[in-house]
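Structure first, commentary second.
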């Protein structure tokens, strides 16, 4: 069934997206942030080609060597090359960031859509669950879940995904409530369109921009959360390299090998900063008020 | 006013009930027999049977839940399998340390964020504004455990200015206590300062656009008097609300900060409990933090309503 007004609506949405893209491209900081993210993605994808040494193979002859021509960033307590481990560590961080946000979107958006669209009792129940989830401090919930599920990267991603879900439920619900009142949704309802069709064709696409912005910023938070869990020993398990895990070991060698702590932390900082700046750029581009 | 407080309490009750169901469910998520898990390394069949009886693990799950809830409502969060101490006692032993850490970090965050936020707003799009905004975003992006490690490397290892770790109670040696708390509190306060600075800047910008500010300026008042006397007071209201909402974030941050600086607080309690497989403690701490968060937010809402006469207690427009 076609609904009158769908074509102009699509055209309007296309125009808004086009304008947002132009505005985004005119922001150099956001563009540089995008390039930094791309740089880390390339590093993660081509880690086997880029890493000069095996990141997990110990070399007890080269234990805790400072940076040199042979080992550009030095070696760790087992003689492993820090540069290679930082390169491979990008994999865990980026995968954890993206997949845990994917889990949060997959759980949060449908519940937010249902909660906002149907209101009433269902809305009340979903919102009380959301409030309850929000009551748990993010990392304490993630620690408790990771501890319950067992320490691993997969379980850390599930834990971070669940802990990030309430933000998406709230955001989507708010968007639905504002879009629901629009004339085109009322028109679609009056013309007899089914609920799921209205939700998928009208409500969801109009909520896309804020969800995208939230997802980008949440990836930043998820990367910090993954490295925090790995730092506590509840994420990626050794000998697989992860930035948080590397810092966990590095803190024990601050006197003897301070270089061990610098690069993994700097990598987390730069990646997270890039995602935050990219998210800010997207927010400004989609928000015509600024 | 009273109906508003009651209404707010009534909406908090279902949330609290769901929190208890979730905490109880997390325990059920644990792979394996809960009796074996609660017994820890103690594998004596008699002990396991005793635990099974004590926690009514042979009963149907809803019965177990209500039995557990009954205990919780009496303030009994179980016992640590490591120290045999009641979990409530452990929490109240460790909590003052984390509260002290949190209070100092809030103080540091407020001292940094309010002036920087105000100056950034007043000098919008200036070099100071860009620098402030960049530092705020950096504060949000820096993992606080790494910042802690870097500060230890510089301030303690290289310059030998402050002790790297450890804790001395305030009532025993106040100066030594502050020397050991200042670095972790700064680390914990960085993220909070970033959030508050961004909020302060945007709410100040909003207030500076208002008519009464223009009137005050038109009357010939000096710019900084307008900002300090008229704008700041109103711009602070949303900042205080955000501060209330960030308390959960501070507890999360404390988990990592206490780990880096070896501070025996609430955060270290939960991490140690996870590694000791002391699930009664993990469960108790998680429940306590969530309940405390709901309670603090309830207080913030009520205080906010009391302080701001524009908020209607009946839900309609006043």
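The values are calculated or read from the model by the stated rules, or taken from the named source; none is laboratory data. Nothing here was measured: the structure is a model prediction, and the numbers come from that model. When we count neighbours, we look across all protein chains shown, and the Cβ atoms used for this are built from the backbone with ideal geometry, even at glycine.
Here are some notes:
- Flag if residue A:254 is farther than 18 Å from residue A:37 by Cβ, at the interface with chain B (Cβ under 10 Å from one of its Cβ atoms) and in contact with a strand residue (DSSP E or B) (Cβ under 9 Å, 6 or more places away or on another chain): no
- Elements of type helices (runs of 4 or more DSSP H) in the stretch A:179-283, at least 2 residues being modelled with pLDDT of 90 or more and farther than 30 Å from residue A:65 by Cα: A:204-232
- Residue match in the stretch A:96-117 (condition: over 21 Å from the mean Cα position of the chain (by Cα) and surrounded by 24 or more Cβ atoms within 10 Å (Cβ to Cβ)): yes
- Count of the stretch B:294-318 residues which are at pLDDT 85 or above and surrounded by 17 or more Cβ atoms within 10 Å (Cβ to Cβ): 1
- Filtered residue count, the stretch B:176-206, keeping only those that are within 18 Å of the chain's Cα centre (by Cα) and free of Cβ contacts under 8 Å to residues at least 24 places away in the same chain: 0
- Checking each residue in the stretch A:19-32 for being in a loop (DSSP other than H, G, I, E, B) and free of Cβ contacts under 8 Å to residues at least 60 places away in the same chain picks out only A:26.
- The number of residues in the stretch A:33-56 being farther than 13 Å from residue A:271 by Cβ, surrounded by 13 or more Cβ atoms within 10 Å (Cβ to Cβ) and touching a residue at least 24 places away in the same chain (Cβ under 8 Å) comes to 7.
- In the stretch B:107-128, the residue that is nearest to the other protein chains (Cβ to nearest Cβ) out of those that are more than 24 Å from the chain's Cα centre (by Cα) and touching a residue at least 12 places away in the same chain (Cβ under 8 Å) is B:124.
- Matching option when the condition is surrounded by 18 or more Cβ atoms within 10 Å (Cβ to Cβ), under 20 Å from residue A:83 (Cα atoms), away from chain B (no Cβ under 14 Å) and touching a helix residue (DSSP H, G or I) at 6+ places or on another chain (Cβ under 8 Å), among A:240, A:271: A:240
- The stretch A:14-32, residues that are more than 30 Å from residue A:202 (Cα to Cα) and surrounded by fewer than 13 Cβ atoms within 10 Å (Cβ to Cβ): A:28
- Filter result (out of contact with any strand residue (DSSP E or B) (no Cβ under 9 Å at 6 or more places or on another chain) and either farther than 15 Å from residue B:268 by Cα or in a loop (DSSP other than H, G, I, E, B) (or both)) within the stretch B:77-100: B:81, B:82, B:83, B:84, B:88, B:89
- Scanning the stretch A:139-165 for residues that are surrounded by fewer than 24 Cβ atoms within 10 Å (Cβ to Cβ) and within 11 Å of chain B (Cβ to nearest Cβ) yields A:145, A:148, A:149, A:150, A:151, A:155, A:158, A:162.
- Under the condition of being over 15 Å from residue B:145 (Cα atoms) and either facing chain B (nearest Cβ under 7 Å) or out of contact with any helix residue (DSSP H, G or I) (no Cβ under 8 Å at 6 or more places or on another chain) (or both), the residues counted in the stretch A:213-233 number 1.
- Condition met for residue A:122 (on the phi < 0 side of the Ramachandran plot, outside any loop (DSSP other than H, G, I, E, B) and in contact (Cβ under 8 Å) with a residue 24 or more places away in the chain): no
- Of the residues making up the stretch B:273-290, one or more are farther than 18 Å from residue A:229 by Cβ, in a helix (DSSP H, G or I) and more than 12 Å from chain A (Cβ to nearest Cβ).
- Only one of the numbered conditions (1) more than 14 Å from every other protein chain (Cβ to nearest Cβ); (2) assigned to a helix (DSSP H, G or I); (3) surrounded by fewer than 17 Cβ atoms within 10 Å (Cβ to Cβ); (4) at pLDDT below 80 is not met by residue B:28, and that is (1).
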